Amino acid sequence: MTAISGQRSTAEGAGEAAGEDLRALFGQSIAVFASLVGPTHVVETANPAFFATIGEERARTGVPVAELMPELAGQGFVALLDEVYRTGEPYTGRDARIVLGTGPHAREAFFDFTYEPRRGAGGTVTGIRVIGVETTQVKHAQRLMVEHRAMLEQIARQAPLAEVLDGMARCIENLAPDQVLVSVLLADPDGKHLRHGAAPSLPEFYNQAIDGIATGEGVGSCGTAAHRREPVIVTDIATDPFWDDFRDLAEQAGLAACWSMPILARDGSLLGTFAMYHRTARVPQDTDLALARVFADTAALAIERHHVEQAKAAAEARARAANEELAKAVRAERQLRSEAEQRAAAAAELADRIRAAAAAQAARPHPEHCQLGGAQGCTAPAKIKIADSWGDAAWGCDAHVEEAILNVRSVFIASEELGGLAAYVNR
């Protein structure tokens, strides 16, 4: 802790005593404390938490807060300090968003804070005490819970897997404190290859290049994680041997680090991999790994549900196909039965006709044996005379007459009553 030195009046001495009490209260606290003096809000003293929050490289006093933290310009915090200094009324903010730092080192943070006016002996405002508690992790946890709940609801209502995984990747990219690019790869049924699942922020050429990579030791971060069934942390792609075959591809895509975690089913089988890429070489923090574990488990739930739905759909398709085949078989059996019944009825009718014809022609003179036996002849008694429309006629046994009627065109049982047959009835 540092302070601006100088001559002090009795009132100032009392103020200094109060300041010592505040330093005793906030010196080692995680709460942010700073004491500002004058209309330009010069940092008179601050605790380590304040300097840790704004960056240790800026840990100095005796300069206006706007000069110490130029990123405050345009965010409204200096204007609020001016208002408290002018009116003497304290101000309290809740979950106030602030961007700390600039350029690649900028980070989003949230604070509950109070601006409390400091007064001199005459009651005039001489400065402002700033007391705050960072709520960034709480805020992120709240956002994480909301996003996580939304994803679980998506899974419960059976949203398409691609939609769930894409939303999950975008959620993590928004929640992560540092820029991160998320990729989800899905394992083939044989567990030997990984297919593209979701990677909304990675270049398309990169996604196409790694689609279908093998699982195995030394096959990048994801292939190795899938092979080992454990997380693989590559902090510097440029030097890590796991990336020998993919280093040029990663450089072309602007990727410098990749942390991959296997996505495992409840029975331990491989479902895929979950990867977090970074533009700069870096080591993961505990919060990074915790975030990865949470969403790897969520991805496992979504993928397993997808597999269950796929299996269910396939079973239903097989059942439908079997039912259709059964229906076809039933229809065919009914048709065959109908045709058999028709043939049986026709055969019965023909048999009746043959019996009637044989009875009618029994008294007529006819050859002794069947004339329809062909070259081999037939020794069965001739009973029925048949003819065709050309005037040819012959006597035959029951069997050969039935065969001729069924197989020879325009053959019918001869009868004088039919007319037109007088030329051959008595042949």
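The values are calculated or read from the model by the stated rules, or taken from the named source; none is laboratory data. Treat the numbers as computed from the prediction; the structure is a model and nothing was measured. For neighbour counting, all protein chains shown are included, and Cβ atoms are generated from backbone atoms with ideal geometry for every residue, glycine included. All accessible areas refer to the heavy atoms of the entire protein, side chains included, with ligands and DNA or RNA removed. Shrake-Rupley method; radii C 1.70, N 1.55, O 1.52, S 1.80 Å.
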All other residues with a Cβ under 13 Å from the Cβ of Pro200 taken together, and with Lys, Arg as +1 and Asp, Glu as -1, what is their net charge? -3
Under 28 Å between alpha carbons, and skipping anything fewer than 8 positions from Lys312 in its own chain: which lysines qualify? Lys192, Lys328
For each cysteine in the chain, check whether another cysteine's C-beta sits under 4.7 Å from its C-beta; list those where none does. Cys171, Cys222, Cys258
Cα-Cα separations in the range 119-221 greater than 15 Å, expressed as whole percent: 74
Quick one: length gained pulling Lys312 to Ala162 fully straight, 0.36 nm per residue minus the C-alpha distance? 52.2 nm
How large a share of the accessible area of the chain, in percent, is made up of carbon and sulfur atoms when the probe is 1.4 Å and the other protein chains stay in place? 53
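Mean residue ellipticity at 222 nm from the helices of the chain, using -39,500 (n - 2.57) per DSSP H segment of n ≥ 4 over the full residue count, to the nearest 500 deg cm²/dmol?
Numbers: 11 runs with 184 residues, N = 427.
After summing the helix terms and dividing by the residues of the chain, the value is -14500 deg cm²/dmol.
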Angle check, please: helix 77-87 long axis (alpha carbons) against the longest principal axis of the chain (alpha carbons), in degrees 0 to 90, nearest 10. 50
Contact order relative to length for the range 279-427, counting C-alpha pairs under 8 Å separated by 6 or more residues, stands in percent at 13
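Using a probe radius of 1.4 Å on heavy atoms only, what accessible surface per residue do you get for the chain? Whole Å² is fine. Numbers along the way, then the final one.
Working: 23650 Å² over 427 residues.
Ligands and nucleic acids excluded, the result is 55 Å² per residue.
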Computed on alpha carbon atoms, what radius of gyration and Dmax characterise the range 325-410, expressed in Å? 17.3, 59
Considering only Gly373, His41, Trp259, whose Cα is most displaced toward the positive end of the charge dipole of the chain, charges sitting on Cβ of Lys, Arg (+1) and Asp, Glu (-1)? Gly373
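Taking the Kirkwood radius as the inverse of the mean 1/r across Cα pairs, report the Rg/Rh of the range 324-369.
Numbers: Rg = 19.1 Å, Rh = 13.5 Å.
Over the Cα atoms of the range 324-369, Rg/Rh equals 1.42.
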How large is log10 of I(q)/I(0) for the range 163-280 at q = 0.13, 0.15 Å⁻¹ when the intensity is taken from the Debye formula with one equal scatterer per alpha-carbon? -0.43, -0.58
For Thr87 and Asp392, extending 7 Å from Cα along the Cα-Cβ vector and measuring point to point gives, in nm, a value of 12.4
Where does the Debye-calculated log10 I(q)/I(0) of the range 42-175 sit at q = 0.13 Å⁻¹, using only Cα point scatterers of equal weight, no solvent? -0.68
Diffusion coefficient, µm² s⁻¹, Stokes-Einstein with Kirkwood Rh over alpha-carbon pairs of the range 42-110 at 20 °C and 1.002 mPa s: 163
Selected from Arg318, Arg343, Arg282 as most flexible by GNM, with the chain as the system and alpha-carbon contacts under 10 Å: Arg343
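Counting only C-alpha contacts under 8 Å and six or more residues apart, can you give the relative contact order of the chain as a whole percent? Please list the in-between numbers first.
Details: 665 pairs, mean separation 32.1, N = 427.
Dividing the mean separation by the residue count of the chain yields 8 percent.
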Any idea which of Val184, Gln154, Ala198 is furthest toward the positive side of the dipole for the range 144-207, if Lys and Arg beta-carbons carry +1 and Asp and Glu beta-carbons -1? Gln154
Size of the chain as Cα extents on the principal axes (Å, biggest first): 161, 51, 35
Report P(r) for the range 238-336: all Cα-Cα distances, bin width 10 Å, range 0 to the bin holding the largest distance, values in whole percent. 13, 25, 22, 14, 10, 8, 6, 1
